[in-house]
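Here the structure comes first, spelled out in structure tokens, and everything after it is commentary.
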Amino acid sequence: MRKIVFALAATLAVTAVTSALAEDKYKACFIYVGSKTDGGWTQAHEVGREYAQEKLGDKVETVALENVPEGPDAERAIERFARSGCGIIFTTSFGFMDPTLAVAAKFPDVKFEHATGYKTAPNVTTYNSRFYEGRYIIGQIAGKMSKTGVAGYIASFPIPEVVMGINGFLHGARSVNPDFKLKVVWVNSWFDAGKEADAAKALIDQGVDIITQHTDSTGPMQVAEERGIKAFGQAFDQIKAGPTAQLTAIEDTWGPYYEKQIAAAMDGTWKGGQSSWDGLKDGILSMAPYTNMPDDVKAMAEATEAAIIDGSLHPFTGPINKQDGSVWLKEGEVSDDGTLLGMNFYIEGVDDKLPQ
Amino acid sequence: MRIELQKRPTPSALYAVLSPFIALGLTLIAGAIMFTILGKNPVDALYSFFIEPLTEVWSIHELTVKAAPLILIAVGLSVCYRSNNWNIGAEGQFIMGGILGSLVPILMPGFQSWLTLPLMLLLGMAGGAAWGAIPAFLKTRFNTNEILVSLMLVYTAQLFLDWLARGVLRDPNGNNFPGSIRFPSAAQLPEIMPSQGSAHYGIFLAIIAAVIIWFMLSFTLNGFQVRVLGANPRAGRFAGFSQTRMTYFAFLLSGGLAGLAGIAEVSGAIGQLRETISPGYGFTAIIVAFLGRLSPLGAIAAGFMLALTYLGGEAAQMTLGISDKVGRVFQGLLLFFVLGCDTLINYQVRLVLRKAAPAAGGQG
Amino acid sequence: MDIAQNILLTIMTAATPLLIAAIGELVVERSGVLNLGVEGMMVIGAVCGFAATILSGSPWIGMLAAIVAGAVASLLFGVLTLSLAANQVATGLSLTLLGLGLSGMIGESFVGSAGIKLASLDIPVLSDIPLIGRLIFGQDPIFYMSLILTGGVAWFLFRTRAGLTLRAIGDNHASAHALGINVLKIRYLAVMFGGACAGLAGAHLSLVYTPQWVENMTAGRGWIALALVVFASWRPWRVLGGAYLFGAVSIGQLHAQALGIGIPSQFLSALPYVATIVVLVIISRDRRLTLMNTPASLGQAFVPDR
């Protein structure tokens, strides 16, 4: 075995060297937890990478590794990038947090950007998107559109991000219908079209007439279309899956952020140790066209969106009670980011017990 | 066209050595064709698959990190399969081992002595063995099929770990994200040469286990029992060997080694208990066990080979933009060729081009 | 009543792909071959069915393509394990690996395409029967096929000479060969039937269940199908029972969650797996019965001597 390996190595080394020489562009690298074509979280990052590549053109070379499992595999993949001359590395899953920091400590000259985490270092910055702003808007729409006053929420895993989404949605709905209720089903997967569809059916059979999801497939949207109820798209505009069902969708638009950060890394203005949490106003998320709803609901949604963008409205503004009825935010009080990022409690009106 | 096999009187020693190389040759040809069709330079692609991961020291370290759990699990499975016990739930046993071993540093973070690590490893083995004992118990007591039970217990273990890592074992200072505290250094399986790369002592555990089990199989009565009961259960019973005892032995051993692999992975490679600790090692190790021809020493070679294809797939993705899916197809092709070529050891293979005289008798 | 009907429909939809794939694998195993590549063949069926549907505009053509694709994939397994006597367990697992990769490659350009659903085929008059009419006679074509397959396989295996031959091979391939039966030929046919069924089960996922293509959309259903064959101790009607039981517990736990009963979702999600074990323990206690139904040469290679 070894002989053959070395013989091949000798003959092939030449080609490898020539291809290595071509790299004098700035290299920006991406690590994905899923597949580039997963139709959800990872694909949104891939679209963002393509956007940045197109905007920055020939000066930059972007490379991506997909389907990298969290854990030691991630650490190896990140290290491989760091060694291969990447100037900046984006690690796009929460589970890449510790591996990112471990590699960053070994390669102080490489810049790292970790999505959705909370640990930083001199050469590690974190970034995230204020998805809850979108969730608040769709919650308001649900509050107006639902006849039964109960919505269904198909959730993946109980992490703060998802809990924050649930609360944001429900608070939005309650801002227009104070008695609004929410049923939650956890499917314990980011990605199982069939199971998500089953969850949607179960929720509909129990009387919800609007569903929303924090999972990646269009399964629930298709069920909504078939059963003649309304739903919201996730990560991408899912209007094709639900032409008469989709009210709007929260779209992940990472592209502008990637462009900005890569450009900063190239001209030396990039800063480590930052925690960036952009929202609607920065374009890191956006709302798909408001469809399948009366004009007054659409006008309300647009007004809310405008208010969030100009800063006059923070979705998590009191009064808000916790699920057990105790006060979380007093009248006019605005939640701090720390509480949101580590959220592990429901607000009043959720018909579910949060797994602790 | 037909393929005809003729059994050799004795397995061919020549082909036993040669068949992996023939398989490699065929894979290289098939791979070259595939990459050319996909518009990639086949030489570059094959280089990054098989050689690039071996050209740097740190990458060889990574190879051992990836190979260690595969070998450790496959060694146990080799014994299990040889004795005709079908444990396909090593993934679950791996997870339970990881969980039980992790309880030491998570529940007693202050307990940091030279005893910490051995205790964790022992508990890891116990956890895996206990999870493996369930299908063994149900098989011997209630005659329940072990394939189904061991497989179902994988999903159960995965969900149990998920619940623990998000709930009771969660790091209280972890911002409510899943995952336990980082283990203190006394609870981490050390790296062998930290300055060079991240290989940890798990690979030694794997090789030691392989050698011990190989010795046991080759030279002890217990090993003899495994081989006899596996090859011919009736003969084994006549010789007075207990099938029940053998089932327990096979499951406890393979479960225990899978559990050891689990805790070695958690404490050596990850450093904390996470909501997922295995990218399917327990299933991949089944392939490793058979690629290694159910021999513990063969598992070492096979484990490294499979690990190499994972690293190679990554290298090909990075340097040539060959997608991960193409990498997996290539990996599948390689496995097919290796499995197919092993036929040469026991059989002479002839291609018969003309239609043979019709065989007499019943049709389906 | 409407709600109960809806729930039952949901369960049937969830169970159908499991049932079809398991029925196919049952025939394969009855012939003495263990193909662990169900997941791989299923996912190939799913992507080929979807792609052919998009390209041709007809889900019927898609369904046929899925069946053919599943059979072709199984042929790969057949050549290795039957003609070359390679190890069945390892080959099957490799087929799963290959299938997951290959389907991803094929499907890359179809991600996000709007699917076309294989329309329901209401059987006139019968579908108007109260209560059960809609459930049994107002469904999609693949659902009917699942029932026909179950009944057909049960009849074939236990009521026909060819079925007897197939079971004889599975129980003792050497004796069957001595009787002049072409063991490999029949095993090839069985393996391809299993592949075709897995392909059809995949088509159900991408054309009926959730008409879309996403990577790994089988999400482990092929493994459940494998377990169901064992669960059913290789008997077709028991496969049907097992698939519906598994479906019922899976859907039931989602309803329990929606009701907000407050048990951690992980435990509820584990219920179908635990239930399968418990029921199997109860029904497999009769050792004699179980042994009688287990194909004795399952997983062993057969090489005809000349």
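For C:Gly40, are the conditions met, namely being at pLDDT 95 or above, farther than 24 Å from A:Pro220 by Cβ and in contact with a Ser or Thr (Cβ under 9 Å, 6 or more places away or on another chain)? Talk me through it step by step, then tell me what you get.
Numbers: at pLDDT 95 or above: yes; farther than 24 Å from A:Pro220 by Cβ: yes; in contact with a Ser or Thr (Cβ under 9 Å, 6 or more places away or on another chain): yes.
Answer is yes for this residue.
Looking at C:Leu271, is it within 14 Å of chain A (Cβ to nearest Cβ), over 19 Å from B:Val149 (Cβ atoms) and among the hydrophobic types (A, V, I, L, M, F, W, C)? Show your work before the answer.
Values: within 14 Å of chain A (Cβ to nearest Cβ): yes; over 19 Å from B:Val149 (Cβ atoms): no; among the hydrophobic types (A, V, I, L, M, F, W, C): yes.
Taking the combined requirement at face value, the residue does not satisfy it.
Which of the numbered conditions does C:Ser94 fail, given that it passes all the others? Conditions: (1) out of contact with any Leu (no Cβ under 7 Å at 6 or more places or on another chain); (2) surrounded by 24 or more Cβ atoms within 10 Å (Cβ to Cβ).
Going through the list (1) out of contact with any Leu (no Cβ under 7 Å at 6 or more places or on another chain); (2) surrounded by 24 or more Cβ atoms within 10 Å (Cβ to Cβ), C:Ser94 breaks only (1).
Between a residue in region C:125-151 that is within 20 Å of C:Arg238 (Cβ to Cβ) and any residue that is of a type in the set (Val, Ile, Thr), which pairs come within a Cβ distance under 7 Å, given they are 6 or more apart or on different chains?
Within 7 Å, the pairs are C:Phe143/C:Thr16; C:Ser146/C:Thr16; C:Ser146/C:Ile20; C:Leu149/C:Ile20; C:Leu149/C:Ile23; C:Thr150/C:Ile23; C:Thr150/C:Val239.
Step by step: first the residues of region B:23-39, then only those that are hydrophobic (A, V, I, L, M, F, W, C) and within 23 Å of the chain's Cα centre (by Cα), then the one that is farthest from the other protein chains (Cβ to nearest Cβ). Which residue is that? Break it down stepwise before answering.
Just the residues of region B:23-39 that are hydrophobic (A, V, I, L, M, F, W, C), to begin with: B:23-24, B:26, B:28-30, B:32-35, B:37-38.
Narrowing further to those that are within 23 Å of the chain's Cα centre (by Cα): B:23-24.
On the way: B:Ala23: 11, B:Leu24: 7 Å.
Only one residue fits best here, namely B:Ala23.
Okay, residues lined up against (1) assigned to a loop (DSSP other than H, G, I, E, B); (2) under 28 Å from C:Ile106 (Cβ atoms):
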| residue | (1), (2) |
| --- | --- |
| B:Tyr15 | no, no |
| B:Ser19 | no, no |
| B:Ile22 | no, no |
| B:Gly39 | yes, yes |
| B:Asp44 | no, yes |
| B:Val79 | no, no |
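Among all residue pairs at least 6 apart or on different chains, which show Cβ distances below 6 Å where the first residue, located in region B:124-146, is more than 14 Å from B:Gly259 (Cα to Cα) and the second is aliphatic (A, V, I, L, M)?
Between residues of region B:124-146 that are more than 14 Å from B:Gly259 (Cα to Cα) and residues that are aliphatic (A, V, I, L, M), the close pairs are B:Pro135/B:Val149; B:Leu138/B:Val149; B:Leu138/C:Val281; B:Phe142/C:Val281; B:Thr144/B:Leu138; B:Thr144/C:Leu280; B:Thr144/C:Val281; B:Asn145/C:Val230.
Conditions: (1) closer than 25 Å to C:Gly220 by Cα; (2) more than 10 Å from chain C (Cβ to nearest Cβ); (3) assigned to a helix (DSSP H, G or I); (4) among the polar types (S, T, N, Q). B:Thr319 meets all but one. Number of the miss?
If we test B:Thr319 against (1) closer than 25 Å to C:Gly220 by Cα; (2) more than 10 Å from chain C (Cβ to nearest Cβ); (3) assigned to a helix (DSSP H, G or I); (4) among the polar types (S, T, N, Q), just (1) comes out false.
Table: residues versus (1) without any contact (Cβ under 8 Å) to a residue 40 or more places away in the chain; (2) buried (at least 22 other Cβ atoms within 10 Å of the Cβ); (3) within 10 Å of another protein chain (Cβ to nearest Cβ); (4) closer than 29 Å to A:Ser189 by Cα.
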{"residue": "B:Pro233", "(1), (2), (3), (4)": "no, no, no, no"}
{"residue": "B:Arg237", "(1), (2), (3), (4)": "yes, no, no, no"}
{"residue": "B:Arg245", "(1), (2), (3), (4)": "yes, no, no, no"}
{"residue": "B:Gly259", "(1), (2), (3), (4)": "no, yes, no, yes"}
{"residue": "B:Ile263", "(1), (2), (3), (4)": "no, yes, no, yes"}
{"residue": "B:Ala269", "(1), (2), (3), (4)": "no, yes, yes, yes"}
{"residue": "B:Ile287", "(1), (2), (3), (4)": "no, yes, yes, yes"}
{"residue": "B:Ala299", "(1), (2), (3), (4)": "no, yes, no, no"}
{"residue": "B:Phe304", "(1), (2), (3), (4)": "no, no, yes, no"}
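Going by the structure shown, is B:Ile147 part of a loop (DSSP other than H, G, I, E, B), in contact with a helix residue (DSSP H, G or I) (Cβ under 9 Å, 6 or more places away or on another chain) and more than 22 Å from C:Phe267 (Cβ to Cβ)?
Working: part of a loop (DSSP other than H, G, I, E, B): no; in contact with a helix residue (DSSP H, G or I) (Cβ under 9 Å, 6 or more places away or on another chain): yes; more than 22 Å from C:Phe267 (Cβ to Cβ): yes.
No: the conditions fail for B:Ile147.
Going through region C:243-280 one residue at a time, which ones are among the β-branched types (Val, Ile, Thr), free of Cβ contacts under 8 Å to residues at least 40 places away in the same chain and within 27 Å of C:Ala201 (Cβ to Cβ)? Before you say what the answer is, go through the steps one by one.
Here is the first cut: in region C:243-280, the residues among the β-branched types (Val, Ile, Thr) are C:249, C:251, C:261, C:263, C:274, C:276-279.
Filter again for free of Cβ contacts under 8 Å to residues at least 40 places away in the same chain, leaving C:249, C:261, C:263, C:274, C:277-278.
Hits for region C:243-280 are C:Val249, C:Val274, C:Ile277, C:Val278.
Taking the condition more than 30 Å from B:Ser102 (Cα to Cα) and exposed (fewer than 14 other Cβ atoms within 10 Å of the Cβ), does B:Phe219 pass?
Details: more than 30 Å from B:Ser102 (Cα to Cα): yes; exposed (fewer than 14 other Cβ atoms within 10 Å of the Cβ): yes.
Considered against the rule, which asks whether it is more than 30 Å from B:Ser102 (Cα to Cα) and exposed (fewer than 14 other Cβ atoms within 10 Å of the Cβ), B:Phe219 comes out as yes.
Between C:Val68, C:Val43, C:Val89, which is assigned to a helix (DSSP H, G or I) and either touching a Pro at 6+ places or on another chain (Cβ under 6 Å) or within 10 Å of C:Gly195 (Cα to Cα) (or both)?
Details: C:Val43 fails: either touching a Pro at 6+ places or on another chain (Cβ under 6 Å) or within 10 Å of C:Gly195 (Cα to Cα) (or both); C:Val89 fails: either touching a Pro at 6+ places or on another chain (Cβ under 6 Å) or within 10 Å of C:Gly195 (Cα to Cα) (or both).
Answer to the check: C:Val68.
Taking region C:43-75 only, how many residues are under 17 Å from the mean Cα position of the chain (by Cα), β-branched (Val, Ile, Thr) and buried (at least 24 other Cβ atoms within 10 Å of the Cβ)? Write out each step before concluding.
So the first thing to find is which residues in region C:43-75 are under 17 Å from the mean Cα position of the chain (by Cα), and the list is C:43-49, C:63-75.
Those left that are additionally β-branched (Val, Ile, Thr): C:43-44, C:47, C:67-68, C:72.
Remaining after also requiring buried (at least 24 other Cβ atoms within 10 Å of the Cβ): C:43-44, C:47.
Summing the residues that are under 17 Å from the mean Cα position of the chain (by Cα), β-branched (Val, Ile, Thr) and buried (at least 24 other Cβ atoms within 10 Å of the Cβ) in region C:43-75 gives 3.
Give the number of residues within region C:255-268 that are more than 14 Å from A:Lys183 (Cβ to Cβ) and either charged (D, E, K, R) or more than 7 Å from chain A (Cβ to nearest Cβ) (or both). Write out each step before concluding.
Applying the first criterion (more than 14 Å from A:Lys183 (Cβ to Cβ)) to region C:255-268 yields C:263-264, C:266-268.
Filter once more, keeping what is either charged (D, E, K, R) or more than 7 Å from chain A (Cβ to nearest Cβ) (or both): C:263, C:267-268.
So the count comes out to 3.
When region B:267-302 is examined, which residues are found to be closer than 26 Å to A:Gly95 by Cα and outside any loop (DSSP other than H, G, I, E, B)?
Within region B:267-302, B:Ser267, B:Gly268, B:Ala269, B:Ile270, B:Tyr281, B:Gly282, B:Phe283, B:Thr284, B:Ala285 meet the criteria.
Any residue at all in region A:100-121 that is more than 14 Å from chain B (Cβ to nearest Cβ), surrounded by 24 or more Cβ atoms within 10 Å (Cβ to Cβ) and β-branched (Val, Ile, Thr)?
Taking every residue of region A:100-121 in turn, none turns out to be more than 14 Å from chain B (Cβ to nearest Cβ), surrounded by 24 or more Cβ atoms within 10 Å (Cβ to Cβ) and β-branched (Val, Ile, Thr).
Modelled with pLDDT under 95, closer than 26 Å to B:Val65 by Cα, over 24 Å from the mean Cα position of the chain (by Cα) and in a helix (DSSP H, G or I): which single residue out of B:Ala235, B:Ala186 fits that description? Walk me through how you get there before you give the answer.
Numbers: B:Ala235 fails: closer than 26 Å to B:Val65 by Cα.
None of the others qualify; the one that does is B:Ala186.
Which ones in region B:49-58 are out of contact with any Asp or Glu (no Cβ under 8 Å at 6 or more places or on another chain), assigned to a helix (DSSP H, G or I), of a type outside the set (A, V, I, L, M) and within 8 Å of chain A (Cβ to nearest Cβ)?
In the first step, residues of region B:49-58 are kept if they are out of contact with any Asp or Glu (no Cβ under 8 Å at 6 or more places or on another chain); the result is B:49-52, B:54-57.
Now narrow it down to the ones that are assigned to a helix (DSSP H, G or I): B:49-50, B:52, B:54, B:57.
Now drop any that are not of a type outside the set (A, V, I, L, M), which leaves B:49-50, B:52.
Correct list: B:Phe50, B:Glu52.
Is one or more of the residues making up region A:49-57 crowded, with 23+ Cβ neighbours inside 10 Å, part of a helix (DSSP H, G or I), of a type outside the set (A, V, I, L, M, F, W, C) and in contact (Cβ under 8 Å) with a residue 40 or more places away in the chain?
Taking region A:49-57 first, the residues crowded, with 23+ Cβ neighbours inside 10 Å are A:49, A:52.
Checking the rest, the ones that are also part of a helix (DSSP H, G or I) come to A:49, A:52.
Within this subset, residues satisfying the condition of being of a type outside the set (A, V, I, L, M, F, W, C) are A:49.
With in contact (Cβ under 8 Å) with a residue 40 or more places away in the chain added as a condition, the list becomes A:49.
Among the residues of region A:49-57, at least one is crowded, with 23+ Cβ neighbours inside 10 Å, part of a helix (DSSP H, G or I), of a type outside the set (A, V, I, L, M, F, W, C) and in contact (Cβ under 8 Å) with a residue 40 or more places away in the chain, which makes the answer yes.
Does any residue of region C:163-186 turn out to be within 11 Å of another protein chain (Cβ to nearest Cβ) and at positive phi?
Yes.
Going by the structure shown, is B:Ile277 β-branched (Val, Ile, Thr), touching a Gly at 6+ places or on another chain (Cβ under 6 Å) and more than 9 Å from every other protein chain (Cβ to nearest Cβ)? Full working, then the answer.
On the way: β-branched (Val, Ile, Thr): yes; touching a Gly at 6+ places or on another chain (Cβ under 6 Å): yes; more than 9 Å from every other protein chain (Cβ to nearest Cβ): no.
Criteria not met by B:Ile277.
Of the residues A:Asp98, A:Asp73, only one is modelled with pLDDT of 90 or more and in contact with a Pro (Cβ under 8 Å, 6 or more places away or on another chain); which? Write out each step before concluding.
Details: A:Asp98 fails: in contact with a Pro (Cβ under 8 Å, 6 or more places away or on another chain).
None of the others qualify; the one that does is A:Asp73.
Determine whether region C:244-251 contains at least one residue that is of a type outside the set (Val, Ile, Thr), more than 14 Å from the chain's Cα centre (by Cα) and within 12 Å of chain A (Cβ to nearest Cβ).
Going residue by residue through region C:244-251, those that are of a type outside the set (Val, Ile, Thr) are C:244-248, C:250.
Those still in the list that are more than 14 Å from the chain's Cα centre (by Cα) too: C:245, C:248, C:250.
Then drop every residue that is not within 12 Å of chain A (Cβ to nearest Cβ), which leaves C:248, C:250.
Taking every residue of region C:244-251 in turn, at least one turns out to be of a type outside the set (Val, Ile, Thr), more than 14 Å from the chain's Cα centre (by Cα) and within 12 Å of chain A (Cβ to nearest Cβ).
Taking into account only those residues within region B:60-117 that are closer than 27 Å to B:Pro184 by Cβ and charged (D, E, K, R), which is nearest to the chain's Cα centre (by Cα)?
Once the filter is applied, the top-ranked residue is B:Lys66.
The values are calculated or read from the model by the stated rules, or taken from the named source; none is laboratory data. Bear in mind that the values here come from a model prediction, so they are computed numbers and not experimental data. Every residue, glycine among them, receives a Cβ derived from its backbone with ideal geometry; neighbour counts consider all protein chains shown.
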